Amino acid sequence: MLFCGLLGWASAAQAQGKLTGVALDSATNEPLSFASVFLANTTLGVTTTEKGEFTFPKVPTGTYDVVASYVGYRLAKQSVTIGREPQQVTLKLASTGNQLGEVVVKPAPNKPEEYETFSRLFIGASTFSDQCRISNPDNVRVLYDDSTKELTARAKEFVQVDNEALGYRLKYYGLEFGYNKADGTISYYGEPVFEEMKPRDEKQRQLWAANRLTAYTGSFMHFLRSVYTNRLTAENFLVQQVRVGPNPRYEAAQTKQRLLKERRANGGATRAERDSVLKWSREAPITAALSTAPMPIDSIRRMSLDGKHTYLSFTGDLQVAYFGEAPDPRYKKAMSPLGASKKPYPAKRQVSRVRLSDGEAEIQANGSPMNPLDVLLGEYWGFEKIGEFMPFDYVPTDAPPAPVNLKESTGAGR
């Protein structure tokens, strides 16, 4: 059943359209020959002709950012929706060349420890990430602000990551990376394009295919495709509501600590009271409670009235469990509890947390959010980074793990 569902998505993805365009100098309108043009987050890229023209003959239907890059120019980007009718775009690139007599200041080299922090957080710590390397580190500029405790990174033109685990060469244009040491949050944004690496032999080709399937199954992209097609259960996902709110025990502890402080000032605090305050101080200000029932599709997905748009739509946090694939052995955190159940959950599971920035996020059939900044990921999906990063035009060609009967195996929803 699960394999058929993936084939169904592949058939839908075969609906294609044609995209043509031209890349021009924004000041002179002269064509830019041999510029790089690509559809962000895919393997689709071409080079312009001597007249600055380009053609993508077969693009799966959907909305894409078309990006043009040319040495000495800023990136040009335009959003385009591909349907059955041919589309045409004009990309105008602005020159970054310095004026005559302008002094060019060469940036100071990165501090090794700051660059190492960026590299570790950007690439990740998974088994696949361990097989990734940044091949142009001199193009990256890393800065740390002592006052804000924030580490940022940008790249001249692009950051190139060679992923020997998946067989992709990733060029990440326009990188905007940020890490806040105070609260531990990480964010990065840009316009990546994937290039297929050439395998040494058939054995490596098969290994890359297997690793790509592993990276895809249970991923956020896999989840969004399952939401889009209403196949969450068939594709081994369990979604539950996480209710986050103030902890009344924490408020009570604060009150007791204030009273104890007054008693200690008057010399009246007992040993038992002091010990109890130590216990109260361990209470967290915020608590999270998990609903045991699986969430129905209509409680997390909204369709527009015309049926042309699909939204991930919910309040609070979601806990998403994927069954049938064990987590990466380098993921050391314990999986979150999945709520009460008459029978134990399958041992092979990956548990993640999802939150929406503004209550809704439009999603596409290829498993991509229209605006990546609309979605916040935590736990296992927060652990997966560049090492598991897959292009949105990826279609599984092998059968993923067989479906798990969650009602029989877990008692979920009873």
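The values are calculated or read from the model by the stated rules, or taken from the named source; none is laboratory data. Note that the structure is predicted; figures quoted are calculated from it, not measured. Here the Cβ positions follow ideal geometry from the backbone for every residue, glycine too, while neighbour counts run over all protein chains shown.
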Inset, instruction - Tell me, please, whether a residue that is at pLDDT 65 or above and among the β-branched types (Val, Ile, Thr) can be found in the range 274-282. - result: no
Inset, instruction - Taking the options ALA321, ALA326, name whichever one is under 14 Å from TRP381 (Cα atoms), more than 19 Å from the chain's Cα centre (by Cα) and small (Gly, Ala, Ser). - result: ALA326
Legend entry - Selection count where residues are in a loop (DSSP other than H, G, I, E, B), buried (at least 22 other Cβ atoms within 10 Å of the Cβ) and not small (Gly, Ala, Ser), scope the range 43-89: 2
Legend entry - Residue list for the range 29-42, filter: surrounded by fewer than 17 Cβ atoms within 10 Å (Cβ to Cβ) and aromatic (Phe, Trp, Tyr): PHE34
Inset, instruction - Taking the options GLU191, GLU176, GLU235, name whichever one is outside any helix (DSSP H, G or I), exposed (fewer than 14 other Cβ atoms within 10 Å of the Cβ) and acidic (Asp, Glu). - result: GLU176
Legend entry - Per-region count, the range 290-339, residues modelled with pLDDT under 90, among the hydrophobic types (A, V, I, L, M, F, W, C) and in contact with a Pro (Cβ under 9 Å, 6 or more places away or on another chain): 2
Inset, instruction - Give the range 332-354 a look and list any residue that's surrounded by 15 or more Cβ atoms within 10 Å (Cβ to Cβ) and not basic (Lys, Arg), or say none. - result: MET335, SER336, LEU338, GLY339, SER341, TYR345, PRO346, GLN350, VAL351, SER352, VAL354
Inset, instruction - Scan the range 355-400 residue by residue and report those that are buried (at least 17 other Cβ atoms within 10 Å of the Cβ) and either at pLDDT below 90 or among the polar types (S, T, N, Q) (or both). - result: GLN364, ASN366, SER368, PRO400
Inset, instruction - With the condition kept exactly as written, say whether any residue in the range 80-103 is touching a Ser or Thr at 6+ places or on another chain (Cβ under 6 Å), at pLDDT 95 or above and hydroxyl-bearing (Ser, Thr, Tyr). - result: no
Inset, instruction - Restricting attention to the range 292-302, report how many residues are out of contact with any strand residue (DSSP E or B) (no Cβ under 6 Å at 6 or more places or on another chain) and over 23 Å from PRO337 (Cβ atoms). - result: 3
Inset, instruction - Give the range 153-172 a look and list any residue that's crowded, with 20+ Cβ neighbours inside 10 Å and not in a loop (DSSP other than H, G, I, E, B), or say none. - result: ALA153, ALA155, PHE158, VAL159, VAL161, ASN163, TYR168, LEU170, LYS171, TYR172
Inset, instruction - Mind listing whichever residues of the range 343-388 are assigned to a loop (DSSP other than H, G, I, E, B) and basic (Lys, Arg)? - result: LYS343, LYS348, LYS385
Inset, instruction - Pairs only if they're at least six apart or on different chains, beta carbon under 8 angstrom, first in the range 370-392 and more than 19 Å from PHE314 (Cβ to Cβ), second basic (Lys, Arg); list them, first residue then second. - result: PHE383/LYS333; MET390/ARG212
Inset, instruction - Collect the residues in the range 146-187 that are of a type in the set (Ser, Thr, Tyr) and in contact with a Gly (Cβ under 7 Å, 6 or more places away or on another chain), keeping them in residue-number order. - result: THR152, TYR172, TYR173, SER187
